[in-house]
Amino acid sequence: MTLTTRSLGTTGPQVSALGLGCMGMSALYGEADRAESIATVHAALEAGVTLLDTGDFYAMGHNELLVGEALRTAPAARREQALVSVKFGALRDPDGGWSGYDGRPAAVKNFAAYSLQRLGVDHIDVYRIARLDPDVPIEETVGAIAELVEKGHVRHIGLSEVGAGTIRRAAATAPISDLQIEYSLISRGIEDEILPVTRELGIGITAYGVLSRGLISGHFTRDRRLAADDFRAHSPRFQGENLEHNLNLVEALRKVAERKGVTVAQTAIAWVLSRGEDIVPLVGARTRERLAEALGALDVTLDEADLAAVEEAVPPGAAAGERYAPAQLAQTGR
Ligand SMILES: NC(=O)c1ccc[n+]([C@@H]2O[C@H](COP(=O)([O-])OP(=O)(O)OC[C@H]3O[C@@H](n4cnc5c(N)ncnc54)[C@H](OP(=O)(O)O)[C@@H]3O)[C@@H](O)[C@H]2O)c1
């Protein structure tokens with residue numbers, strides 16, 4: 001396995017070509033094992049992964065505390081190479097509910113102060129609001145992060161799930177390193193409008209949901225029981241006939257993967273890697289076994305014939321169901 005690096009846009013840092021998304025270690029995908037989660041972060045750092053992604057609202061600080069512990073207990077050389085990307089802004093309640101987003105400058109600074117403390121770091125490498133606050137112009141939110149950059153609390157400014165107009169306004173306010181957004185074989189919505197804009201402006205992409213939250217990993221089964229607070233229990237693509245249809249796509253992809261002697265997950269990750277040097281997939285591995293599989297994608301080269309076979313198995317727009325329920329989709333501003 002060769003861990004190459006990619007740049008997060010023209011103004012952002014060099015990072016490993018695959019990042020580790022830590023969300024599932026605390027929230028949204030059912031039970032996770034804390035010790036295994038930390039071992040997974042350590043294994044990733046050991047393998048040369050330098051980008052760790054978290055959010056302050058992933059189980060109300062739990063994920064930041066976990067990432068902080070993993071960093072503290074990692075060998076110093078590995079810890080020093082690690083870059084932490086943090087999302088903020090989502091408002092939670094004690095019952096785990098979600099109550100909108102807060103992008104006011106005072107709130108941005110407040111969120112950052114708590115994140116620095118929980119992570120146990122003296123700066124955040126990439127800081128971004130998770131969704132646009134509809135009541136606060138993006139210029140104000142990005143401007144507040146730019147002040148944190150000036151003071152040395154943050155190194156780079158990112159964006160998350162915003163549309164082309166917001167990307168342009170943000171980039172006119174301050175340098176933007178990357179846009180974090182869903183991109184996978186079955187979520188290709190960014191290709192028409194968003195990718196051309198990020199490429200024009202020299203903004204990188206950190207792609208999440210590359211395995212569509214496990215749906216196209218090759219490991220998800222029809223009979224999997226999901227807890228009520230599992231994101232997938234409410235995600236349109238995981239319901240009834242949609243799930244049946246989508247898992248049939250996975251079986252078509254499995255045939256292509258098997259012909260190449262690799263796994264379905266590796267094929268799906270390699271496809272995203274093949275879309276451009278400006279794209280860094282974040283994989284949501286939360287065990288060392290899944291991490292090892294994901295890292296194996298870096299050694300998979302998809303040639304023209306392979307890419308054609310992959311796209312024949314899973315053509316653009318082939319998925320049944322939207323990637324989010326309607327209310328959540330509306331928050332993405334696309
Ligand atoms: N900006 C945003 O709006 C946004 C939204 C969502 C996520 N994110 C970030 O992006 C990261 C990645 O997103 P995601 O977790 O939804 O992505 P993902 O990689 O598409 O999905 C992770 C799921 O795939 C399953 N999986 C199966 N095989 C795997 C393998 N070899 N490697 C990794 N996972 C495998 C895991 O299942 P098991 O563990 O059950 O086996 C896990 O449930 C998150 O951790 C978070 O940091 C950002």
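Among Ser99, Ser212, the ranking by other beta carbons within 10 Å of each residue's beta carbon, starting with the fewest, stands as Ser99, Ser212. Relative to the longest principal axis of the Cα atoms of the chain, helix 264-273 runs at roughly 50 degrees. If you average the C-alpha positions of the stretch 19-36 and of the stretch 313-334 separately, how far apart do those two centres end up, in angstrom? With the stretch 19-36 and the stretch 313-334 each reduced to a Cα centre, they are spaced 23 Å.
Over the residues of the chain, the helix contribution to mean residue ellipticity at 222 nm works out to -12000 deg cm²/dmol, using -39500 (n - 2.57) for each DSSP H run of at least 4. Averaging the sequence gap over all C-alpha pairs within less than 8 Å and six or more residues apart, then dividing by the number of residues, gives the stretch 5-332 a relative contact order of 21 percent. Please give the Cα centre distance for the stretch 242-287 versus the stretch 181-217, rounded to the nearest Å. Going from one Cα centre to the other spans 14 Å. Can you tell me the 0 to 90 degree angle between the C-alpha axis of helix 304-313 and the longest principal axis of the chain, rounded to 10? Rounded to the nearest ten degrees, it is 90.
Remark on the chain: hydrodynamic radius 19.9 angstrom, per the Kirkwood mean of 1/r across alpha carbon pairs. Farthest toward the positive end of the dipole of the chain, out of Ile38, Pro315, Gly165, is the Cα of Ile38, where the dipole comes from beta carbon charges about the Cα centre.
DSSP assigns beta bridges within the stretch 5-332; of those with both partners inside it, close to 20 percent run antiparallel. Going by neighbour counts of Cβ atoms within 10 Å, the residues Asp133, Asp53, Asp178 line up, fewest first, as Asp133, Asp53, Asp178. Sorted ascending by nearby beta carbons within 10 Å, beginning with the fewest, Lys87, Lys151, Lys260 become Lys151, Lys260, Lys87. Summing +1 for each Lys or Arg and -1 for each Asp or Glu among the other residues whose beta-carbon sits under 13 angstrom from that of Arg155 gives -2.
By how many nm would the segment from Ala305 to His245 lengthen if fully extended, with 0.36 nm per residue of separation less the alpha-carbon distance? Don't skip to the end; give the middle numbers.
Details: separation 60, 0.36 × 60 = 21.60 nm, distance 2.48 nm.
Full extension of this stretch gives 19.1 nm more.
Here Glu147 and Arg199 are evaluated by their C-beta separation; at R0 = 22 Å the FRET efficiency comes out at 0.20.
Read-outs: derived from the displayed coordinates by stated rules, not from any lab. Remember, predicted model here, so these are calculated numbers, not experimental data. FYI the Cβ positions are ideal-geometry reconstructions off the backbone, even for glycines, and counts take in every protein chain you see.
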